[in-house]
Amino acid sequence: MNLIKLGCLVSFWYVGLLNAQEDVPKINWSDLQESKPWTATEQWEPVPKKVVPGRYSSAPSDAIILFDGSNLDAWHKPKYTYGARMDEAEAIIKIRAAKKNEYTAPEWEVKEGTLIVKPGGGAIETKQSFGDIQLHLEWLA
């Protein structure tokens with residue numbers, strides 16, 4: 001009895017599959033080649049500059065190296081860092097927007113090519129501002 005039910009189920013599934021395939025519209029590839037609908041979403045210009053990838057331990061040709069293991073020249077310590085409470089963060093954002101933030105040399109250490117956080121040394125940030133980025137980061141925990 002179960003075998004008969006299975007046979008009926010399979011045949012109904014197969015008939016349904018055949019009917020479903022009839023509803024699928026056929027693609028006219030010649031019309032697509034003439035209308036080229038994909039050009040509405042493609043961006044061909046400006047052509048990006050070719051990037052030469054880094055080899056072994058070197059960086060790609062377009063990289064901005066923020067830390068090379070020798071110094072913190074690209075970094076500074078902001079006087080006002082973002083606080084944990086929302087009212088602190090809002091006040092700091094207003095100070096930064098007015099460009100009144102002050103900076104000092106970072107208190108973190110560079111030792112044998114490694115950047116080491118100094119406890120209580122505060123935050124550091126890059127001197128250069130960035131928008132959208134592609135980030136390559138290497139670390140050892």
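One line per residue, one yes/no per condition, for (1) under 30 Å from LYS50 (Cα atoms); (2) among the polar types (S, T, N, Q); (3) touching a residue at least 12 places away in the same chain (Cβ under 8 Å):
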| residue | (1), (2), (3) |
| --- | --- |
| LEU66 | yes, no, yes |
| SER70 | yes, yes, yes |
| TRP75 | yes, no, yes |
| ASP87 | no, no, no |
| GLU102 | no, no, yes |
| VAL117 | no, no, no |
| LEU137 | yes, no, no |
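Mind checking whether some residue in the range 38-47 is closer than 30 Å to GLU109 by Cβ and hydrophobic (A, V, I, L, M, F, W, C)? Looking through the range 38-47, none of the residues is closer than 30 Å to GLU109 by Cβ and hydrophobic (A, V, I, L, M, F, W, C). Going by the structure shown, is THR81 without any contact (Cβ under 8 Å) to a residue 60 or more places away in the chain, open to solvent by less than 70 Å² (accessible area, probe 1.4 Å) and either outside any loop (DSSP other than H, G, I, E, B) or out of contact with any Pro (no Cβ under 6 Å at 6 or more places or on another chain) (or both)? Taking the combined requirement at face value, the residue satisfies it. Quick one: in the range 104-141, of everything that is hydrophobic (A, V, I, L, M, F, W, C) and closer than 18 Å to LYS79 by Cβ, which residue is surrounded by the fewest Cβ atoms within 10 Å (Cβ to Cβ)? Checked the range 104-141; the qualifying residue surrounded by the fewest Cβ atoms within 10 Å (Cβ to Cβ) is ALA105.
The values are calculated or read from the model by the stated rules, or taken from the named source; none is laboratory data. Note that the structure is predicted; figures quoted are calculated from it, not measured. Methodologically, a virtual Cβ is constructed for each residue, glycine included, from the backbone with ideal geometry; neighbour enumeration extends over all protein chains shown. Areas reflect the complete protein model, heavy atoms only, side chains present, ligands, DNA and RNA absent. Shrake-Rupley method; radii C 1.70, N 1.55, O 1.52, S 1.80 Å.
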